[in-house]
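All remarks here apply to the structure that follows.
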């Protein structure tokens, strides 16, 4: 299991950075992008920001990548960049078995030095969602177990994505169901 | 005609409101005939104006909140009926258009999907960044041109690439433009052309040049976009 952070591109450099174990490198060099399904987004899709929202956008995903392992991502809205655009902080867990995704994992996560406040907010939200039975996180984890043939899972319905995840948490009249 | 001469001609056309393309008999018909039914894609580095260009083409208001695009957003197919200076309209379409992010990882993952099936690929360059941080902006431009070379084989064999130098109003100031601002833009266009020629090599013929544009000013956008369409019609590889 490898835990990293995709840092928000606050300076609009065009190169996303990955922080792992205190060192920072370019994301496109450090991460094998070719193994990722197109539906797995390294951040938050724009459509989730367009809904009326009172809370910062929080988005969870999982992708199976073979050999029982996969990649988990938790992304949180992280303020603005120099041009006033909304940017995102993402926690990435590579080589991750679904069974490893338990609240205890949070204690193993090192906070990125440049994004302490935002990373703490993200981990608080994860902790909260682990403890709520019907949270988007627990629904996603249940779906991963329930649908072993599906590859990609997301905590929100993505209607406008050109590459939709195989499973998305449906929110309608308070009822959760699989729409994949 | 080199890129620079065409670029200056277009800027002066907008400043002086001179309908230069009206001089050529039958040219509107040629534009209309070539563009009808064509499909476009829009690519470019981070914050170069891709979202705003789609909004302009769809005649939607500029977004109140700007968001870093990640992943692939499918746009509903839409038709564009673009007015020409003679009052006629050019009809073309954005079919299966995909809005994508401009970061390097997003380019490597999603740009080819956005360019599949396109007849014209518009590549946006941020003129403001080009002036303020020329070295890194040119490096990114160079890398993106290399990306094009690697991926051309997956695109339509007849695909045309056209460069749009965005934020021209911020860089040049509102028309009429000063000579010094225009001279500085001339140097930029020369540099861009040289870089594209060196990197694209045999594929350079696929690129029809660079046109100034402004996504933030509707009037300038309409004028410059009509010029880009005429330039593409005129200079596309036959």
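Values quoted throughout were computed directly from the atomic coordinates according to the rules given, and no laboratory measurement underlies them. Given the structure is predicted, the values throughout are model-derived calculations rather than measurements. All Cβ positions, even for glycine, are placed from backbone atoms using ideal geometry, and neighbour counts span all protein chains on display.
Structure notes:
- Stretchable slack from residue B:108 to residue B:170, in nm (0.36 nm times residue separation minus alpha-carbon distance): 19.3 nm
- Ranked by how many other Cβ atoms sit within 10 Å of their own Cβ, fewest first, the residues A:44, A:105 fall in the order A:105, A:44.
- Extension gain for the segment residue B:36 to residue B:76, taken as residue separation times 0.36 nm less the Cα-Cα distance, is 12.5 nm to one decimal.
- Two-site FRET efficiency, residue B:197 against residue A:50, from Cβ-Cβ distance with R₀ of 51 Å, rounded to 0.05: 0.80
- Across every pair of non-identical alpha carbons in region B:3-235, the mean reciprocal distance, once inverted, gives a Kirkwood radius of 17.8 Å.
- Gyration tensor (Cα) of the protein assembly as shown, equivalent ellipsoid semi-axes in angstrom: 42, 22, 19
- Inter-label distance, nm, simple model (7 Å from Cα along the C-beta direction), residue A:108/residue B:58: 4.2
- Listed by Cβ neighbour count within 10 Å, with the fewest neighbours leading, B:170, B:120, B:161 appear as B:170, B:120, B:161.
- Förster-model FRET efficiency, 41 Å R0, residue A:149 and residue A:127, C-beta, rounded to 0.05: 0.85
- A full extension of the chain between residue A:170 and residue A:1 corresponds to an added length of 57.9 nm, given 0.36 nm per residue minus the alpha carbon distance.
- Inter-label distance, nm, simple model (7 Å from Cα along the C-beta direction), residue B:143/residue A:95: 2.6
- Our analysis of region B:53-151 gives Rg over Rh at 0.99, with the two radii drawn from alpha carbon positions and Rh computed by the Kirkwood formula.
- Candidates A:123, A:33, A:48, ranked by Gaussian network fluctuation over chain A, Cα under 10 Å, top entry: A:33
- Value of D in µm² per second that Stokes-Einstein yields for region B:119-238, Kirkwood Rh from Cα pairs, at 37 °C (0.692 mPa s): 221
- In the protein assembly as shown, helices alone account for a calculated mean residue ellipticity at 222 nm of -10000 deg cm²/dmol, with every DSSP H run of four or more residues adding -39,500 (n - 2.57).
- Point-to-point label distance, residue B:151-residue A:120, nm (Cα→Cβ direction, 7 Å offset): 4.0
- Among A:153, A:130, sorting on how many other beta-carbon atoms sit within 10 Å of each Cβ, with the fewest leading, yields A:130, A:153.
- From the Kirkwood radius over Cα pairs of region A:1-127, Stokes-Einstein at 10 °C and 1.306 mPa s returns a whole-number translational diffusion coefficient of 105 µm²/s.
- Panel values: region A:33-94, Kirkwood radius from alpha carbon pairs, Stokes-Einstein at 25 °C and 0.890 mPa s, translational diffusion coefficient 191 µm²/s.
- Under 16 Å from the residue B:187 label point (7 Å along Cα→beta-carbon), backbone N, region B:91-133: B:127-133
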